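Report on one structure; see the data block that follows.
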């Protein structure tokens, strides 16, 4: 692979805070030379055996199916104006019966028999809730719209485009009307406006009727509106692959956030030459954490915590592999922070919808992937990013040498450097692994494209190959040449989970701006927003370096300082940030370690000096002058935060080791002594050991 010159230029140009000479050495000669152990919120290393009780088989709940929630209505206790509620029980039973139907041959008879019993009962509900005149006008409006939609006209006449039921003050009554109208007239939609219900044509019905029969279109839209848990809908079997593809595309384009589609063979039709039918089901959704109660214990989501040990493995690759083995998706995993690839790392994770027993059953399989799981136990909730106290590092730096043209004693240089950083701290840059060190395309470039809503460009950047001749890069190269997602998908190795997920979506939705938006949704939210954060991190690094070059270690007017000495992470509110005044600068009120700079977002303030001006110039350079750091298409909102420009290592200790290298194997071979440094320290959350070492060594590592 070609040297990543952009990375070299980017980091070698960043300023230091200390003025010692430093030294050189080799970092990460092997994964065992770089060990990272997460420190949990209680201050405990996660590689130690936990004192929490491990799971017991008798306490394990069955793994639930968490599908879309159905609408909750207090139907049983709803009372009509006349005090009766007899029709509601009928309506409820009818709705549930309708929601599990399939529109295959078994429904044709019922469809052709005229109004069903359920439809009559829904009509009774409408008659009970609406006065006679309104009910008749609604039926007349529905009849006219149905004729209009079934005609060849492209547009609905403005005179008949909507019908108002008037204001209905009772919330429960409005909810029942919305559902009853959509179920009786699936070619209509209802909209609420300040307690008023407005009925309009459902134009998606007209589009769907170009692909399937009117009966199927009606039944499908009723199925969607019902949102019945665990239900599914199957279109009539269809041997035409292109036609099925068109139906898949329509459903996913219009309702992809709610449902998913699959094609299955139907052997009951034409044995020997089975038809294929499209089945639709609601996407799985996690329930929000609930307060404990006897009623919801059986339905509560299962969360299993564990410590993941991995070696020389990217974290997303590790999560993708575990997801495949456990039959879940990557977004079912939660974690407190990302960890290095070329290292041995220990971190706490929580997986949703998997029991401790199930996780323990794959221990042997994942060992082959240089992973291990232990401290497996049941917990009540998932993890969130930043939910840790920090990380502990045990690092070996080998082949220590003096800086070029330095005549001083090497051991004295090492001692001086370590003590300097221990006392004065290091510049708290984001580390190179945040940007994809060694790659042609860095993560911040993808983030910038997403912020500018250049979705196709972002996909192409993500799939840009390196200068390597291996299956992964051959597949990426083929895609950029052809944009053929289907063939590229077959070429991409199974372990490339993110790439395959993206390609599957591109195959389904196409290489258009809208198709690429859908493709990005194949990544969990934490991964999508990671690229935006990478861009903000790059700008922050450059801003700190500019600030140190401009003002040095002085705290000057217009600087931002943090007023809370106890804050250890980046996410503190604007109320904790203070703008330094001219008088405070003269009085040396604040020290450099209190200075913070904003990480870009929509809810931050900028310094009121040359650094603030620099931020605005950079945003203008990157064509983000009007960017609000929100990407609605991808449901990404980046409020921003503040980050201290200096940090300090804690519990630092070190040891110099002399290693003997034999040059050759014959008698009389030369024996040379190489000096290595074993250094251990703790860092706060969101700090990088490579950045701390860079400040110590005064050399890019």
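The values are calculated or read from the model by the stated rules, or taken from the named source; none is laboratory data. Keep in mind the model is a prediction, meaning the values are calculated, not measured. FYI the Cβ positions are ideal-geometry reconstructions off the backbone, even for glycines, and counts take in every protein chain you see.
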Residue 527 vs. criteria within 27 Å of residue 641 (Cα to Cα) and either touching a residue at least 24 places away in the same chain (Cβ under 8 Å) or assigned by TED's automatic domain parsing to the domain that holds residue 313 (or both):
yes
Would you check if residue 487 is touching a helix residue (DSSP H, G or I) at 6+ places or on another chain (Cβ under 8 Å) and modelled with pLDDT under 95?
no
How many residues, within the stretch 350-363, are within 24 Å of residue 499 (Cα to Cα) and out of contact with any helix residue (DSSP H, G or I) (no Cβ under 8 Å at 6 or more places or on another chain)?
1
Complete set of residues in the stretch 172-225 that are closer than 13 Å to residue 162 by Cα and crowded, with 17+ Cβ neighbours inside 10 Å
187, 188, 189, 190, 197, 199, 201, 202
Among the candidates 485, 534, residue that is within 21 Å of the chain's Cα centre (by Cα) and either buried (at least 17 other Cβ atoms within 10 Å of the Cβ) or more than 22 Å from residue 599 (Cβ to Cβ) (or both):
534
Being assigned to a helix (DSSP H, G or I), modelled with pLDDT under 95 and in contact with a helix residue (DSSP H, G or I) (Cβ under 8 Å, 6 or more places away or on another chain): is that true of residue 318 here?
no
If I filter the stretch 19-51 down to residues being in contact with a helix residue (DSSP H, G or I) (Cβ under 7 Å, 6 or more places away or on another chain) and part of a strand (DSSP E or B), which single residue comes out as modelled with the lowest pLDDT?
27
Yes or no: the stretch 331-343 includes at least one residue that is in contact with a strand residue (DSSP E or B) (Cβ under 6 Å, 6 or more places away or on another chain) and part of a helix (DSSP H, G or I).
yes
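The rows are residues; the columns are (1) closer than 30 Å to residue 596 by Cα; (2) at pLDDT below 95.
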| site | (1), (2) |
| --- | --- |
| 394 | yes, no |
| 429 | yes, no |
| 433 | yes, yes |
| 479 | no, no |
Count - residues of the stretch 402-435 that are in a helix (DSSP H, G or I) and under 45 Å from the mean Cα position of the chain (by Cα)
15
Lone qualifier among 229, 148 - being over 28 Å from residue 507 (Cβ atoms), touching a residue at least 40 places away in the same chain (Cβ under 8 Å), surrounded by fewer than 21 Cβ atoms within 10 Å (Cβ to Cβ) and within 33 Å of the chain's Cα centre (by Cα)
229
First in the stretch 252-278 and closer than 20 Å to residue 504 by Cβ and not assigned by TED's automatic domain parsing to the domain that holds residue 211, second anywhere and exposed (fewer than 12 other Cβ atoms within 10 Å of the Cβ) and modelled with pLDDT under 70, Cβ under 7 Å, 6 or more apart
276/265
Just for strands (runs of 3 or more DSSP E) wholly inside the stretch 542-654: which have at least 3 residues that are within 27 Å of the chain's Cα centre (by Cα) and under 29 Å from residue 451 (Cα atoms)?
595-599, 641-644
Name the strands (runs of 3 or more DSSP E) wholly within the stretch 153-260 that hold at least 3 residues that are at pLDDT 80 or above and farther than 29 Å from residue 522 by Cβ?
163-167, 188-193, 196-201
Yes or no: the stretch 393-415 includes at least one residue that is under 23 Å from residue 688 (Cα atoms) and without any contact (Cβ under 8 Å) to a residue 24 or more places away in the chain.
yes
Checklist (1) within 26 Å of residue 179 (Cα to Cα); (2) modelled with pLDDT under 80 applied to residue 266, failing item:
(1)
Just checking, which of 515, 447 is in contact (Cβ under 8 Å) with a residue 12 or more places away in the chain, touching a helix residue (DSSP H, G or I) at 6+ places or on another chain (Cβ under 8 Å), part of a helix (DSSP H, G or I) and crowded, with 19+ Cβ neighbours inside 10 Å?
447
Residues of the stretch 601-618 classified as crowded, with 17+ Cβ neighbours inside 10 Å and modelled with pLDDT of 95 or more, total
7
